[in-house]
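Below: one structure, written as structure tokens.
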Amino acid sequence: QLKPRPERTDLPQKWEAPVDGWVKINSDGAVHKGGSKVGGGAVLRDHNGAFLAGVCHHFPHIVEPETAGILACKRALQVAEEINVQNDHLELDCLPVVQMINQKGINYSGAGPWIQEIKQMLALKNDYKVTWVKRTDNVAAHKFAKVGVGDDLCQVWLGDTPDCVLDVILDEIPNAFV
């Protein structure tokens, strides 16, 4: 008798669009191969998968990957505020950062002040949620982060998808070429 094959959980996943009326903000930190510098990146997309904004940011004097992720998240929320996003679905691939943001009360760790700033920014939104996502679902944000690290660049793109992530964005748009 044949047994059903178990579902594979290690297969690459794809980015999933937020519900209508929400913006998904994928954010990520990256470390240079030598470990001497870090950066962050983020991409903001609507319920159709359309690119709204992207950001890359080099963070001088920071070397911890988790801190890069936290600062990338904060920068992404600043861009979301600038373009008046009110319903934020923030997705990060660093589970400890997601847990810190979702934890009730004040964070007293070294990252606490940044976490509190993020919580304050989210509290001003109509609605928000913060979730963990696999690295394979966070490719565009990671590409932006690598640009920030590799080029020591701090830049925001609004509306038009930059070439550095165009292939990923097009590949991830639900039903783009059906």
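Scanning the stretch 80-93 for residues that are under 18 Å from His47 (Cβ atoms) and outside any strand (DSSP E or B) turns up Ala80, Ile83, Asn84, Val85, Gln86. Only residues that are open to solvent by 10 Å² or more (accessible area, probe 1.4 Å) and either touching a Lys or Arg at 6+ places or on another chain (Cβ under 9 Å) or among the small types (Gly, Ala, Ser) (or both) were counted across the stretch 33-60, and they come to 12.
Table: residues versus (1) of a type in the set (Lys, Arg); (2) at pLDDT below 95; (3) out of contact with any Gly (no Cβ under 9 Å at 6 or more places or on another chain).
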{"residue": "Val63", "(1), (2), (3)": "no, yes, no"}
{"residue": "Gln78", "(1), (2), (3)": "no, no, yes"}
{"residue": "Val97", "(1), (2), (3)": "no, yes, no"}
{"residue": "Gln103", "(1), (2), (3)": "no, yes, yes"}
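Close contacts from the stretch 105-116, counting a first residue that is farther than 16 Å from Pro65 by Cβ and a second that is in a loop (DSSP other than H, G, I, E, B) and open to solvent by 80 Å² or more (accessible area, probe 1.4 Å), with Cβ to Cβ under 9 Å and a gap of 6+ residues or different chains, come to Gly112/Ile106; Gln116/Ile106. Out of the stretch 93-110, which residues are open to solvent by less than 50 Å² (accessible area, probe 1.4 Å) and farther than 18 Å from Ala123 by Cβ? If the condition is that a residue be open to solvent by less than 50 Å² (accessible area, probe 1.4 Å) and farther than 18 Å from Ala123 by Cβ, then Asp93, Cys94 are the ones that fit. Answer with yes or no whether Asp127 is open to solvent by 40 Å² or more (accessible area, probe 1.4 Å) and on the phi > 0 side of the Ramachandran plot. Answer is no for this residue. Taking the stretch 24-52 as the search range and keeping residues that are free of Cβ contacts under 8 Å to residues at least 40 places away in the same chain and among the charged types (D, E, K, R), which one is farthest from Gln86 (Cα to Cα)? Restricting to residues being free of Cβ contacts under 8 Å to residues at least 40 places away in the same chain and among the charged types (D, E, K, R), the top hit is Lys33.
Residues in the stretch 129-178 that are of a type in the set (Phe, Trp, Tyr) and over 19 Å from Ala50 (Cα atoms): how many? Total satisfying the criteria: 1. Only a single criterion out of (1) touching a residue at least 60 places away in the same chain (Cβ under 8 Å); (2) not in a helix (DSSP H, G or I) is not satisfied by Val165, namely (2).
Go through the residues of the stretch 65-76 one by one and say whether even a single one is part of a loop (DSSP other than H, G, I, E, B), without any contact (Cβ under 8 Å) to a residue 40 or more places away in the chain and more than 11 Å from the chain's Cα centre (by Cα). No; the residues of the stretch 65-76 include none that is part of a loop (DSSP other than H, G, I, E, B), without any contact (Cβ under 8 Å) to a residue 40 or more places away in the chain and more than 11 Å from the chain's Cα centre (by Cα).
The single condition from (1) open to solvent by 40 Å² or more (accessible area, probe 1.4 Å); (2) in contact with a strand residue (DSSP E or B) (Cβ under 6 Å, 6 or more places away or on another chain); (3) not β-branched (Val, Ile, Thr) that Asn138 fails is (1).
The values are calculated or read from the model by the stated rules, or taken from the named source; none is laboratory data. Please read all numbers here as calculations on a predicted model, not as lab measurements. Quick reminder, even Gly has a Cβ in these numbers, built from the backbone with ideal geometry, and neighbours come from all protein chains shown. The protein model used for the area step is the full one, side chains on, heavy atoms only, and it has no ligands, DNA or RNA in it. Shrake-Rupley method; radii C 1.70, N 1.55, O 1.52, S 1.80 Å.
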